[in-house]
Amino acid sequence: LQKLKEMFISKFGSAPKFYARAPGRVNLIGEHIDYCGYAVLPMAIEQDILIAVEPVQTQVVQLANTNSSYLDFSTSVNNIQINKTKPQWHNYFLCGLKGIQEHFGLNNPTGMNCLLDGTIPPSSGLSSSSALVCCAGLVTLRANGKTLSKVELAEICTKSERYIGTEGGGMDQSISFLAEEGTAKLIEFSPLRATDVRLPSGATFVIANSCVEMNKAATSHYNIRVMECRLATKLLSKSKGLEWRKMLRLHDVQTKLGVSLEEMLTIVEEVLHPEPYSTEEICKCLGISLEELRSQILSQNMQDVSTFKLYQRAKHVYSEAARVLEFQKICSEAPANALQLLGELMKQSHISCREMYECSCPELDRLVDICLQFGAIGSRLTGAGWGGCTVSMVPTDKLNTFLKNVKKAYYQTDGQRLAVENNSLFATKPGRGALVFVEA
């Protein structure tokens, strides 16, 4: 903090008035299901985004970063432009800023000088971008003398991150605000709520970065999956005589039908076929024209996608949603073989992400195999995938040997990985959520 303060003074010529922090997160289980309406099970990590702030009289926001590869940026607070084509770091700050301004209808928002420091590895699937949006929202709230509950903040930041073009579901922002030290959380949506999940003793969670960068907003993979889930929702609803035009998420189908997740999996088998669906076939199933599909259902950036895998995506979502509930149940009942059972769920989750959701990559698969080989009880990709990190559950008494072996097998075989190995492999405990603090 002292170092950040000194850098702030040399940059802006005066001292910061307050600081805000927001943590990154690791998702233990429940990948790609938050935007389908299903509960997820993340925990905050100790790595975070930290911003030193001084509110100023001019209506200008000046942003600087302790990392010199991120360029300074300044803009008038009354004219926030967010460039979707280039997901640069300052645009994520502007999302949080704009979200709070719009929520309160602030006509003359306060200007600010901000210096940002971050310890979350970027593009690693640990939610550095959402932590930045949340931290910016918190900073704007404080600088303008407003207050909101943590749940309201999480909901505003979830919506405002969409300014950058990512159709996220809200897990990252929710855990960033609602996390508490020492416990993971089951996070449920609409209404948003968080329940403590006590992780069993005897195991430590270890994060390993594959060193393949994946920038969610810059890729269409992520948004295509969101759309495939939406289309699967429509086809499943239509086949069951529901009002399919109103149905947006796979969770809605289950709720409307009033059946279990297991029964939903049977319905997926009956209704959808494993072969990819063409846009023509989707139109035929729904009884609509291509024009209507394009204008009413497909988002702007999906107009050129010609085939969609609906069976695989729905299968992953319903089975993963069931694994989340099972994971929570094992944690609360704490049977003698809890660690084995949880490990099994993590392994199944990774297989489903790899085979059904196709959001893994060769390096992630290799890293999961290495972690399991060297004593992890369970291991899986975490975050959006297509790069980023794995999370493994390792018996605490085997932790040091595990770290040593994984370093040797994955990081020390490759010069590029070797350069970043110190920030790429670490054990983590459930950390606390976002907060604002003033120096004593």
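The values are calculated or read from the model by the stated rules, or taken from the named source; none is laboratory data. Note that the structure is predicted; figures quoted are calculated from it, not measured. Glycine also receives a Cβ, built like all others from the backbone with ideal geometry; neighbour counts cover every protein chain displayed. Accessible surface is based on the protein model in full, side chains and every heavy atom, while ligands, DNA and RNA are left aside. Shrake-Rupley method; radii C 1.70, N 1.55, O 1.52, S 1.80 Å.
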*asked:* What would the Debye equation give as log₁₀ I(q)/I(0) for region 268-365 at q = 0.13, 0.19 Å⁻¹, counting only Cα atoms as equal point scatterers?
replied: -0.63, -0.97
*With the dipole of the chain worked out from charges on the C-beta (+1 for Lys and Arg, -1 for Asp and Glu) around the Cα centre, which of 384, 144, 254 lies farthest toward the positive end?*
144
*When only C-alpha pairs under 8 Å and at least 6 residues apart count, what is the relative contact order of region 28-79, in percent?*
22 percent
*asked:* Going by Cα centres, region 363-396 and region 317-344 are how many Å apart?
replied: 17 Å
*Computed accessible area, residue 166, all protein chains, 1.4 angstrom probe, square angstrom*: 10 Å²
*Could you size up the charge dipole of region 3-160 around its Cα centre, putting +1 on the beta carbon of Lys and Arg and -1 on that of Asp and Glu, and report it in debye to the nearest 20?*
260 debye
*Cα convex hull of region 223-299: mean projected area in nm², to one decimal?*
4.9 nm²
_Where 414, 397 fall by accessible area, highest first, once all protein chains stay in place (1.4 Å)_ = 397, 414
*Along the principal axes of its C-alpha atoms, what lengths does region 71-123 span, in descending order and rounded to whole Å?*
35, 24, 19
*At what distance in nm do the modelled label points of residue 159 and residue 306 sit from each other, each positioned 7 Å from its Cα along Cα→Cβ?*
3.9 nm
*Enumerate the aspartates and glutamates that residue 404 could reach by cross-link, defined here as Cα to Cα under 16 Å, with residues fewer than 8 away along the same chain left out.*
369, 414, 421
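From the Cα gyration tensor of region 103-239, with a ≥ b ≥ c the square roots of its eigenvalues, which class applies: rounded if a/c is under 1.5, or else prolate if a/b is larger than b/c, or else oblate? Mind showing how you got there, number by number?
Details: a/c = 1.40, a/b = 1.17, b/c = 1.20.
Rounded.
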*Accessible surface, 1.4 Å probe, highest first, among residues 424, 239*: 239, 424
*So, in nm, how far is label residue 85 from label residue 243 when the simple model puts each one 7 Å beyond its Cα toward the Cβ?*
4.0 nm
*asked:* How charged is the neighbourhood of residue 430? Take every other residue with its Cβ under 11 Å from the Cβ of residue 430, and add Lys/Arg as +1 and Asp/Glu as -1.
replied: +1
*asked:* Please give me the summed charge of the neighbours of residue 263: other residues whose Cβ is under 11 Å from its Cβ, Lys and Arg +1, Asp and Glu -1.
replied: -3
*aspartates and glutamates near residue 5 by alpha-carbon distance under 12 Å, same-chain residues fewer than 8 away left out - which ones?*
54, 117, 439
*Carbon and sulfur: what percent of the chain's accessible surface (1.4 Å probe)?*
48 percent
*Which of the trypsin sites (Lys or Arg not before Pro) found in region 325-429 are in a DSSP loop and have at most 15 neighbouring Cβ atoms, other than their own, within 10 Å?*
none
_Can you tell me which of 270, 152, 188 moves the most in a GNM of the chain? Springs connect C-alpha atoms under 10 Å apart._
270
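Rounded to the nearest 20 debye, what is the charge dipole size of the chain about its Cα centre when +1 sits on each Lys and Arg Cβ and -1 on each Asp and Glu Cβ? All intermediate terms of the calculation are to be shown ahead of the outcome.
Working: 45 positive and 45 negative charges, 121 e Å.
That gives the chain a dipole magnitude of about 580 debye.
State whether the chain is rounded, prolate or oblate according to the following rule on the C-alpha gyration tensor (a ≥ b ≥ c being the square roots of its eigenvalues): a/c under 1.5 gives rounded; otherwise a/b larger than b/c gives prolate, and the remaining case gives oblate.
Here the chain falls in the oblate category.
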*Heavy-atom SASA rank of 317, 212 (probe 1.4 Å, accessible area, largest first)*: 212, 317
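With r defined as the distance between the Cβ atoms of residue 369 and residue 58 and R0 fixed at 45 Å, what FRET efficiency is calculated, to the nearest 0.05?
0.25
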*Report the convex hull volume per residue for region 161-294, counting only C-alpha atoms, in Å³.*
188 Å³
*For region 358-440, what does the alpha-carbon gyration tensor say about shape, rounded, prolate or oblate, given a ≥ b ≥ c as the root eigenvalues, a/c under 1.5 as rounded, and a/b over b/c as prolate?*
prolate
*asked:* Less than 11 Å Cβ to Cβ from residue 174, Lys/Arg counted +1 and Asp/Glu -1: what total charge do the surrounding residues give?
replied: 0
